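Here the structure comes first, spelled out in structure tokens, and everything after it is commentary.
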Amino acid sequence: MYGGDCNHPIYSLTKGQAAIREIAGAMTDHTGNLPSLPAIFPDQSAPVVRQGEDGRELVMMRWGMPSPKFALKNRKTDPGVTNVRNLGSSHWRRWLGVEHRCLVPFTSFSEYRVETDKSRTPVWFAQNEDRPITFFAGIWTEWTSVRKVKEGEVTAELYGFLTTKANETVGAIHPKAMPVILTEPEEWETWLTAPFDEAKALQRPLPDDVLLIVAEGERRDGDSGR
């Protein structure tokens, strides 16, 4: 699901906004009444943490950064790019400064395991069975485009998150790539405030023992959430 700049991931955020604010040190919350989000899909609105004028703030953005021009050839809409791998691309370099970096809170994320009959089973990863809040390293921008034909042209704040090579745990299910995950407050501070020459070192896989598989299969109503 995370091979290069692709558009088919899904992740969950099942802890409340007070917990997000507390762990992220967000001083301002612009998200309103935030529900549990057991399945966040591309182009859905979800919370991110960014550095505002008065400190860290929690805001809602649409998932999917602007697509490169070559990807929009003969297309009437731009649904967005959810994951960013090639930071050397001129398309992405414009959004690597601190003013465009953000933290994307999540409690678990999924990759598909391809079965022998070619069917695909979602496999969910988290830090542990309690699914604590942690963060993807993200970037964001305000952009005007047509996301959906029926919606027409809109100006929206958009986000995506970085990917890197998979560690052993994720790679056993999806060998191509995994999200860039930041687990420590020092990493969150570095990603939000440090020069990119320093922050770019965070685009690396997690150690193999930091994630584990916490669920398999589609989510059903009544599940405890991913």
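Nothing in this text is a laboratory measurement; each read-out follows from the coordinates by a stated rule. Predicted model only: the values in this text are computed from it and were never measured. We place every Cβ from the backbone using ideal geometry, glycine too, and count neighbours over all the protein chains shown.
Within segment 24-83, the trypsin sites (Lys or Arg not before Pro) that combine a DSSP coil assignment with at most 16 other C-beta atoms in a 10 angstrom radius are LYS73, ARG75, LYS76.
In this structure, the amide hydrogen of ARG56, modeled 1.01 Å from its nitrogen in the peptide plane, lies closer than 5 angstrom to those of MET27, counting only residues at least 5 positions away or on a different chain. The Rg/Rh ratio of segment 1-120, with both radii computed over alpha carbons and Rh defined as the Kirkwood radius, is 1.00.
Here is the list for segment 111-170: GluC sites (Glu not before Pro) lying in DSSP coil, each with at most 14 other C-beta atoms within 10 angstrom of its C-beta, are GLU115, GLU129, GLU151. In segment 44-177, the C-alpha radius of gyration followed by the widest Cα-Cα span (Dmax) gives 16.5, 53 angstrom. In segment 10-216, Cα pairs under 8 Å separated by at least six residues give a relative contact order of 21 percent.
Mean residue ellipticity, 222 nm, helices only, the chain: the sum of -39500 (n - 2.57) across DSSP H runs of n ≥ 4, divided by residue count and rounded to 500, is -3000 deg cm²/dmol. Modelled spin-label separation between LYS176 and ARG120, with each label point placed 7 Å from Cα along the Cα-to-Cβ direction: 0.9 nm.
For segment 157-178, the residues whose backbone nitrogen is under 12 Å from a point 7 Å from the Cα of GLU216, taken along Cα to Cβ, are 173. Extension gain for ASN33 to THR193 (0.36 nm times residue separation, less C-alpha to C-alpha distance): 54.8 nm.
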